[in-house]
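Q: Pasting in a structure now, in C-alpha cells, and then I'll have a few things to ask.
The values are calculated or read from the model by the stated rules, or taken from the named source; none is laboratory data. Note that the structure is predicted; figures quoted are calculated from it, not measured. Methodologically, a virtual Cβ is constructed for each residue, glycine included, from the backbone with ideal geometry; neighbour enumeration extends over all protein chains shown.
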Amino acid sequence: MSQLSLDFEKIDDSSSEFIIFYDADLRLIESLHLPTIIRFHRADKFDSKFIQTSNDVWNFSYSGKKILLNFSNFSTSEKKLAKFFLANYIQVNTPSALEAKFQAYTFAIKSLKTRNLKLDYHNSKSLLVDLAKVDNSTYYYHFKFLVKLLFLENFSCFDLDQEYELGFLERPKAFNSRLYYQQYEDAIDYPLISMIQQGFIKLKQVIKDDFQSIDNQKLLYASILGLVYVTGLRPVQLAKLAAEDIKIDTTRTVDQFHRYSILIPYAKQARYVHEKIAVKLPEEVAEIIIAYIERFDLSPKDKLFDLGENSARFCSKAINTQLFNFAPEAYREAVLSGEMIKQKYSFSDFRHHVGYSLAMAGSSAEEIAYILGHSSVVTARHYIFSTPELAQIRAQALGKNSLYRQMIAMLLTGRLVYKKDWHQKKVLGNIGSKIHYDIGGCSYEDKCLFQPVRNCYGCMYFHPFIDASHNHVLESIQNEINDLIKLSDGIGVSRNPLIRVHESTKFEIESVIARCALQKDDSHEY
C-alpha cells in the first residue's frame with residue numbers, strides 16, 4: 001500500500017461503488033445491536049444530554065463546541081458500522097473527541113474503496129503502518145480502536161490469534177521512540193479487576209454453600225476466565241492443559257488452607273522441549289477449577305478444557321459471558337434492555353495486563369518471559385519499556401478516569417443508605433493513625449478476612465452511608481500515597497507497586513463520594 005495522504009480531497013471517489021465488506025460481514029453488521037438513544041452520562045448543564053442513533057445527522061453540543069456528524073454519504077452497512085463504532089467509543093469515553101473518530105473512520109473507508117481493498121486485518125494493518133509514517137497522525141489511534149472492535153465482534157479475516165500483535169505495531173514518529181511503549185494503557189483497569197475479584201469470591205462461596213445450583217457452563221467459563229485473568233494464557237495453551245496440571249503445593253493442617261499452582265506449557269514451542277511452567281494460583285480461582293474438574297468427573301490425564309474447533313473464539317465467548325455474569329445488575333439490565341452495548345474484552349487484553357502488571361511490580365524481563373511462557377525476552381522488554389516513571393505514576397495517582405471506569409466503579413459497592421436507616425453491623429477501622437467509623441454498614445455474615453475501611457470501598461457487601469465523611473478516608477489514603485511517593489523518591493524505586501494498590505483504593509473511594517453526591521442531588525430535587 002502506498003504512502004497515504006490525510007487530505008480528504010485527494011482521495012479519489014471513483015470506486016465509491018466498491019463494497020469493502022465480505023458477505024459474512026454484511027450479515028454480521030446487520031445483526032449488530034445499536035441503542036436507540038445514546039446518553040451522555042457526564043454532560044454538563046448546557047451540554048446535549050443524548051443523541052438518537054436513527055438520525056443520519058448527529059447534531060449536538062458538548063464542552064462548548066457544536067458538533068455535526070453526517071452519515072448520509074455512507075452505504076447502509078458503512079453507516080451502521082460507523083454508528084456502532086462511535087456508540088462504543090461514547091460508552092467508554094466522553095463524546096468530545098467523536099468528530100475526530102468520525103473523520104478517521106471516513107478516511108479509512110475511502111482509502112480502502114479507492115484501492116478496491118476489502119476490510120480485513122491484512123489491509124487494516126497495512127493502513128495502520130502507513131498512518132504511522134505520517135507525523136502526528138491522530139487517525140492512527142482512532143482507526144486502531146476500530147480494528148480492535150472488529151476483532152471483538154468476530155468479523156471475518158480478523159483472527160483473534162492475530163489481535164495480540166496490535167499492541168506492538170509501529171506507531172507515528174511523533175511518538176518518542178526511546179520510550180516506544182511508554183503510553184500503553186492497561187485495558188484491564190481497577191474497577192474491572194475489583195469486579196472480577198468480587199465475582200470469584202462470590203462464586204466460591206456459592207460453590208461452598210450450594211454447589212448443585214451452579215450450572216456446568218458457568219463453572220467452565222469461570223475456570224477459563226480465572227486462568228486467563230491470573231496467568232494471561234493463550235487459547236492454544238489452555239487447549240494443552242490436563243486436569244493433573246492443577247497442583248496443591250502445601251496444606252495447613254489446622255484449617256486445611258491450601259496453596260495452589262498450575263503447570264502451563266510455553267506459548268510458542270522452540271526447537272527443544274521446555275518443562276512446563278509452575279505459576280501460583282489464587283485460592284478462589286483454584287477451587288473453582290477443582291469444582292469444575294469434580295463436576296465433569298475428569299481423571300488426572302484428561303484434557304482440562306474442550307475448546308472446540310476454534311479455541312480463540314471459544315475463549316473470547318467464555319471470557320465475555322463470564323465477565324457479563326460478574327457485572328453489576330444495573331449494567332446487565334441496561335445491556336439486556338438495549339440501552340447500552342455490551343463491553344467486550346479479548347484474551348490479549350488479559351495477557352497484556354499480566355505482562356504490564358509484572359513490569360509495574362519491578363519484575364525482570366526473564367521473569368516476565370517465564371510467566372507468559374515466552375522462550376525469549378523480546379516481548380517482555382516491551383512491557384518494561386512501557387512502565388511509567390515515578391512522575392507519571394504520581395500523575396496517575398491523582399486520578400485519570402474514563403466514563404466506563406467511573407460507571408462500573410460506582411456500581412461495585414452495595415446500595416447507599418443513611419446512617420439512621422442502617423441497623424446491622426457498621427464498619428470500623430484505621431488508616432495510619434486515624435480511626436474511621438460511621439462510614440457505612442457491612443452485610444457480610446461470615447468473618448471478613450480483609451482489612452476494614454481500606455478494603456471496603458470496592459466490596460459488594462459494603463453499604464456506604466450517604467451522610468458520612470468519606471472525604472476524611474480519602475484524605476488518609478492520599479497522605480499514604482504522598483508518603484509512598486516521598487519514600488520512592490528517596491530510595492530511587494520508580495516502580496513502587498504499592499502506589500498502584502493505593503491508586504486503586506483512592507479511585508474506589510472517589511467513586512463512592514461521587515455516588516453519594518449524586519444521591520444527595522437527586523433527593524434535593526424532590
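Q: For region 456-486, how many residues meet the condition of being free of Cβ contacts under 8 Å to residues at least 40 places away in the same chain and out of contact with any strand residue (DSSP E or B) (no Cβ under 7 Å at 6 or more places or on another chain)?
A: 8
Q: Test each condition in (1) surrounded by 14 or more Cβ atoms within 10 Å (Cβ to Cβ); (2) over 21 Å from Ile29 (Cβ atoms) for Lys65 and report the one that comes out false.
A: (1)
Q: Are any residues in region 425-473 of a type in the set (A, V, I, L, M, F, W, C), within 28 Å of the chain's Cα centre (by Cα) and in a loop (DSSP other than H, G, I, E, B), and if so, which ones?
A: Result: Cys448, Leu449, Phe450, Val453, Cys459, Met460.
Q: How about region 215-327: which helices (runs of 4 or more DSSP H) wholly inside it have at least 2 residues that are in the same structural domain as Gln197 (by TED's automatic domain parsing), loosely packed, with under 15 Cβ neighbours inside 10 Å and of a type outside the set (Lys, Arg)?
A: 216-231, 283-295
Q: Identify the single condition in (1) among the polar types (S, T, N, Q); (2) farther than 30 Å from Val134 by Cα; (3) under 29 Å from the mean Cα position of the chain (by Cα) that Gln103 does not satisfy, given that it satisfies every other one.
A: It is condition (2) that Gln103 fails.
Q: Determine whether region 496-505 contains at least one residue that is part of a loop (DSSP other than H, G, I, E, B) and within 26 Å of Asp189 (Cα to Cα).
A: Looking only at region 496-505, we keep the residues that are part of a loop (DSSP other than H, G, I, E, B), and these are 496.
Subset that is within 26 Å of Asp189 (Cα to Cα): 496.
Yes, region 496-505 contains a residue that is part of a loop (DSSP other than H, G, I, E, B) and within 26 Å of Asp189 (Cα to Cα).
Q: Within region 21-50, which residues are within 22 Å of Leu98 (Cβ to Cβ), in contact (Cβ under 8 Å) with a residue 40 or more places away in the chain and of a type in the set (A, V, I, L, M)?
A: Ile29, Leu32, Leu34, Ile37, Ile38
Q: Return yes or no: is Asp489 more than 27 Å from the chain's Cα centre (by Cα), at pLDDT below 80 and surrounded by fewer than 18 Cβ atoms within 10 Å (Cβ to Cβ)? Give the derivation first.
A: Working: more than 27 Å from the chain's Cα centre (by Cα): yes; at pLDDT below 80: yes; surrounded by fewer than 18 Cβ atoms within 10 Å (Cβ to Cβ): yes.
Taking the combined requirement at face value, the residue satisfies it.
Q: Taking the condition modelled with pLDDT of 85 or more and either in the same structural domain as Lys202 (by TED's automatic domain parsing) or among the acidic types (Asp, Glu) (or both), does Asp522 pass?
A: On the way: modelled with pLDDT of 85 or more: no; either in the same structural domain as Lys202 (by TED's automatic domain parsing) or among the acidic types (Asp, Glu) (or both): yes.
In short, no.
Q: Based on what the data block shows, is Gln182 farther than 27 Å from Ile20 by Cα, at pLDDT below 90 and in contact with a helix residue (DSSP H, G or I) (Cβ under 7 Å, 6 or more places away or on another chain)? Walk me through it before giving the result.
A: Numbers: farther than 27 Å from Ile20 by Cα: yes; at pLDDT below 90: yes; in contact with a helix residue (DSSP H, G or I) (Cβ under 7 Å, 6 or more places away or on another chain): yes.
Yes: the conditions hold for Gln182.
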